[in-house]
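Each remark here refers to the structure printed beneath this line.
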Amino acid sequence: MKWKFGVGIIITFILMAIFAPFLTKYKPNQTVDLPYQPPSNEHPLGTDRMGRDILSQVFYGARLSLTIGISTGLIMTTIATVIGLISGYYGGLVDRILSTLTDIFLVIPGLPLMIVISSYMRVRGPLMVILVIAFTSWGSGARMIRSQMLSLKNREFVMASKIIGERNLYIIFSEVLPNMLSLIASIFFSSVLYAIIGEASLSFLGLSDVSKITWGTMLYWAQNANALLNGMWYWVLAPGLCIVLLGTAFALISFSVDEINNPRLRSR
Amino acid sequence: MKYFLNRLFFFLLTLFFALTLNFILPRLMPGDPAERVLSRFGGEIEKNAVEAMRIALGVDKDKNMFVQYGEYLKNTFTGNFGISYLHYPVSVKDVLSSSIPWTLGLVGISTVLSFILGTFLGIYAGWNRDKKSGMGLLVFSLSLRAVPYFWLAMLFLYVFGYKLGWFPLANAYSTKEQLTGLKFVLSVLYHAILPSITLIVASLGSWILTMRNNMVSVLAEDYILLAEAKGLDEKYVMVNYAARNAILPSITAFGISLGFVVSGALLTEIVYSYPGIGYQLYRAVLSQDFPLIQAIFFFIALSVLLANLIMDFVYAFLDPRVRG
């Protein structure tokens, strides 16, 4: 039940991103009216400091916010999966090194690390945001996959493949991996949630390309224009609500997948 | 004993990693860090200024990497973080010592309160997992996890500070008049209420979720079934059989989640202009104050790692099995 709700929200946002030009007649980056106009029939959420239509930015913002969230989630999950699988399968020295590295990334607080890395970067485009979030935040996923590998690697089918003489990499990625797809899916969905909030946080601090429109950079401009003190609460509310809704959708799906993985979490 | 040494070793290793990262990052970036800093100010750059900046940044070309690294470690451990550009000529050390207490107070108290509240709600949500109230609490905590701290802070500031006028809009204490003694303390508490409510609400979701999931797992155990079959009082089973066992993993999670709370607190401080370490970091990032950024990252990492170490020790005290 919960996951249907999540999928519904995500599909809505994807449709919104694709059909943004049909939902509004304004371009998000185009000056269409006087700056700081209050909500009206022409501009349901008013205009920003450059007289651009805020509602059209909410629609178009879905494009980059979704792209960054999902691609960060993909990279993060890939790193977590590869490190977790190899660390758990080989054991010994390889495991000690990789799982120590995992634990280090797990405990070093993520956002401060992202801020420090981003503040040194000269190019601050979406790609940099994706890479910074992905490379600092794969720790918890890798730990979960490693422990799953530890419990799977002594099963008969793995033993059998070893006896036949399959290569280790083949066993890891073609025999064991398909058995943890649901865990990997759950990690992916929670990674996307993390990435959406990470992008919003970095953008809010001005550590991304703030000329590109995402819900995070909208909040950056709203804060810079003192939107709240000028009574323009809708400028803050709208992009934030989109972040919360999209994040909740991914959290709901991730939780539902967890319930499938771990029947104990299920309601009776 | 081996467990304690192990944890201590991990603490030192992680700290070393954070320190090294802090050292390498400015040197990995393309170009001369000194020129990069100066180019932010615009205009022609004098050779002397570049040379002076190199020495200030510790990237002196006359010295090789290892000498630089040694000096960096020595400086860090003697508390010599250089001079802040932003607060020139105040040293980074002085900037830190005036802002760390605010963050520790705010984040410390909020984290403990949120952990306690979230754990109780989690016990409730786990116990009533089939009822509407338990399901509602679950969905509520899942969506709370998707709320960016700074956004919640902005909304609270608008509603309770600006519209209703119940709380001040900025600072950690009233700057309008000189306050002393009890009046000062009251002013500090008054200014801390809204930021700490934000932190409590924003971090509540993960505490509820962790405890709820632990509860649900424990409730599937046979000894719970037996306790119920014996006809024990429901409350008694919930607290003494289920919650007592379910809380152990929550305590491990506490250490790791602390990193998230500290991260969230950074952004919350910015919104409330609360003069803690997060607000300083924000201003340092805006003005490219690299010595200050480095030092703040070091202290954030140090405090989270220390908290983790303490949690590991507390855990060993609570659960004799891990002591080995």
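Of the residues that make up segment B:226-240, is at least one more than 9 Å from chain A (Cβ to nearest Cβ), under 11 Å from the mean Cα position of the chain (by Cα), of a type in the set (A, V, I, L, M, F, W, C) and assigned to a helix (DSSP H, G or I)? Give the steps one after another, and end with the answer.
Initially, segment B:226-240 is screened for residues more than 9 Å from chain A (Cβ to nearest Cβ), giving B:226-240.
If we keep only those that are under 11 Å from the mean Cα position of the chain (by Cα) as well, we get none.
No - not one qualifying residue is present in segment B:226-240.
Give segment B:146-171 a look and list any residue that's in a loop (DSSP other than H, G, I, E, B) and under 22 Å from residue B:103 (Cα atoms), or say none. Once the filter is applied, which keeps residues that are in a loop (DSSP other than H, G, I, E, B) and under 22 Å from residue B:103 (Cα atoms), segment B:146-171 yields B:147, B:148, B:167, B:168, B:169, B:170, B:171. Listed by position, the helices (runs of 4 or more DSSP H) inside segment A:30-140 whose residues that are aromatic (Phe, Trp, Tyr), crowded, with 21+ Cβ neighbours inside 10 Å and out of contact with any strand residue (DSSP E or B) (no Cβ under 9 Å at 6 or more places or on another chain) number at least 2 are A:54-90. Is it fair to say residue A:210 is among the aliphatic types (A, V, I, L, M), in contact with an Asp or Glu (Cβ under 8 Å, 6 or more places away or on another chain) and free of Cβ contacts under 8 Å to residues at least 60 places away in the same chain? Judged against the criteria, residue A:210 is not a match.
Are any of the residues in segment A:214-221 within 7 Å of chain B (Cβ to nearest Cβ) and free of Cβ contacts under 8 Å to residues at least 60 places away in the same chain? Yes - at least one qualifying residue is present in segment A:214-221. Kindly indicate whether residue B:6 is over 19 Å from residue B:285 (Cβ atoms), more than 14 Å from chain A (Cβ to nearest Cβ) and either modelled with pLDDT of 75 or more or assigned to a helix (DSSP H, G or I) (or both). Against the criterion (over 19 Å from residue B:285 (Cβ atoms), more than 14 Å from chain A (Cβ to nearest Cβ) and either modelled with pLDDT of 75 or more or assigned to a helix (DSSP H, G or I) (or both)), residue B:6 does not qualify. Only a single criterion out of (1) within 25 Å of residue B:279 (Cα to Cα); (2) among the small types (Gly, Ala, Ser); (3) part of a helix (DSSP H, G or I) is not satisfied by residue A:211, namely (3). Kindly indicate whether residue A:97 is over 23 Å from residue A:196 (Cα atoms) and within 14 Å of chain B (Cβ to nearest Cβ). Taking the combined requirement at face value, the residue satisfies it.
Residues to consider are B:174, B:110; find the one that is away from every other protein chain (no Cβ under 14 Å), part of a loop (DSSP other than H, G, I, E, B) and not charged (D, E, K, R). Please lay out each step first, then the result.
Working: B:110 fails: part of a loop (DSSP other than H, G, I, E, B).
The conditions single out B:174.
Entry remark, segment B:263-308: residues being assigned to a helix (DSSP H, G or I), more than 9 Å from chain A (Cβ to nearest Cβ), touching a helix residue (DSSP H, G or I) at 6+ places or on another chain (Cβ under 6 Å) and farther than 21 Å from residue B:84 by Cα number 3 in total. Screening residue B:287 with (1) at pLDDT 85 or above; (2) under 30 Å from residue A:228 (Cα atoms); (3) surrounded by fewer than 18 Cβ atoms within 10 Å (Cβ to Cβ) gives one miss only, at (1). Within segment A:223-268, being more than 8 Å from chain B (Cβ to nearest Cβ), without any contact (Cβ under 8 Å) to a residue 40 or more places away in the chain and buried (at least 20 other Cβ atoms within 10 Å of the Cβ) holds for one residue alone: A:227.
Given the options A:172, A:196, name the one that is touching a residue at least 12 places away in the same chain (Cβ under 8 Å), away from chain B (no Cβ under 14 Å) and of a type outside the set (Gly, Ala, Ser).
Values: A:196 fails: away from chain B (no Cβ under 14 Å).
After applying the criteria, what remains is A:172.
The values are calculated or read from the model by the stated rules, or taken from the named source; none is laboratory data. Values in this document were obtained by computation on a predicted structure and should not be read as measured data. Glycine also receives a Cβ, built like all others from the backbone with ideal geometry; neighbour counts cover every protein chain displayed.
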